[in-house]
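Presented below is the structure to which this report refers.
Taken together, the values in this text are just the output of simple stated rules run on the coordinates, not laboratory data. Quick caveat, the model's predicted, so the values are computed rather than measured. No Cβ is skipped: glycine too gets one built from the backbone with ideal geometry, and neighbour counts run over all protein chains shown.
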Amino acid sequence: MKTNYLFPHKFKWISGILFIVSISIMLCWIIEPDIFKDIEIKSKVFAIAETAFMGDNVYFGIIDTNILDELLMATVIISGLVFAFSKEKIEDEMTSKIRLESLVWATYANYLIFLFCVLFIYGMVFLNIIMFAFFTHLLFFILRFNWEIYKFNRTTNEE
Amino acid sequence: MKNRLKIERAIANLTQADLAEKIAVSRQTINAIEAGKFVPSTVLALKISRLFNKPVNEIFELEDED
């Protein structure tokens, strides 16, 4: 009855700041990949699979790679999930309802826009669209939910 | 669904915030129930019923379209 798969409210602001910062960097990077070409964090990591442009493919091995994008993407996903699914200050059935409706709205919005792009965008730029679509579902949900909660919290006092 | 929440609250001399605190929801949720924008769960309806010491049927009532 009490299970709701949500994080405590105290995580909301810290994850929110992290999410806004990391997704902004992420989106800039998708649009203009060259901005980080001078920053590299080389590291040896375990890979289940790496398909190389040149040379051999690696399966279940250790590879040498720039982990900047992995770190950034992990930050976006983790902070985004925590921010999206933190409890509200007063968590009740009305906030659950708003959360559910926002999730439905965000899913429709994301896939309708994606469908539009599938039909009308061709070539290499479509790869960017796929990258965007991956994050925009969460982003749309977060924007919609927080907007609806903001409107709800502003509903006027007493009669 | 119609409800007499506002009236019951006035009889008991409670503000929306008082009632909200007693049944552990936000004040805005009480406001939404009174405005007919939100239908509370059975648990919440029973909590309200217990608080006002009246049967649920006396506070909440089905309408024709329900």
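Beta bridges assigned by DSSP with both partners in segment A:6-87 are antiparallel in approximately 90 percent of cases. In chain A, the C-alpha radius of gyration followed by the widest Cα-Cα span (Dmax) gives 19.5, 73 angstrom. All Cα-Cα separations within segment A:6-87 were binned at 5 Å from zero, giving a P(r) of 3, 14, 17, 17, 16, 15, 11, 6, 2, 0, each value a whole percent of the pairs. Semi-axes of the equivalent ellipsoid for segment A:91-130, computed as √(5λ) from the eigenvalues of its C-alpha gyration tensor and ordered from largest down, come to 32, 9, 4 Å. For segment A:89-159, the Kirkwood estimate of the hydrodynamic radius, built from every pair of different alpha carbons, is 13.8 Å. Tell me whether segment B:2-56 comes out rounded, prolate or oblate; compute the Cα gyration tensor, take square roots of the eigenvalues as a ≥ b ≥ c, and use a/c under 1.5 as the rounded threshold. Rounded. Bridgeable aspartates and glutamates around B:K6 (alpha carbons under 13 Å apart, same-chain partners fewer than 8 residues away excluded): A:E158, A:E159, B:D18, B:E34, B:E58. For segment A:1-148, a crude dipole built from +1 on the beta carbon of Lys and Arg and -1 on the beta carbon of Asp and Glu, taken about the Cα centre, is about 560 debye to the nearest 20.
May I ask you to evaluate 6.51 cos²θ - 1.76 cosθ + 1.60, the Karplus curve with θ = phi - 60°, for each residue of segment A:135-141 and list the ³J(HN,Hα) values in order in whole Hz, giving x for glycine and proline? Calculated HN-Hα couplings, in order: 9, 5, 4, 4, 5, 4, 4 Hz.
Dipole of segment B:5-55, Cα-centred, from +1 at each Lys and Arg C-beta and -1 at each Asp and Glu C-beta, to the nearest 20 debye? Once rounded to the nearest 20, the dipole reads 80 debye. Averaged over peptide B:31-44, the number of partner chain Cβ atoms lying within 10 Å of each residue's Cβ comes to 3. Among residues other than A:G16 with Cβ under 14 Å from its Cβ, the summed charge is +3 (Lys and Arg +1, Asp and Glu -1). Here A:I35 and A:L71 are evaluated by their C-beta separation; at R0 = 22 Å the FRET efficiency comes out at 0.90. Remark: segment B:59-65, residue by residue, has Karplus-estimated 3J(HN,Hα) of 9, 10, 9, 5, 10, 4, 6 Hz, where x stands for each Gly or Pro and the curve is 6.51 cos²θ - 1.76 cosθ + 1.60 at θ = phi - 60°. Segment B:18-66 and segment A:9-55 have Cα centres separated by 47 Å. Taking amide H atoms as placed 1.01 Å from N in the peptide plane, the amide H of A:F7 lies under 5 Å from those of A:S86, A:K87, each 5 or more residues away in sequence or on another chain.
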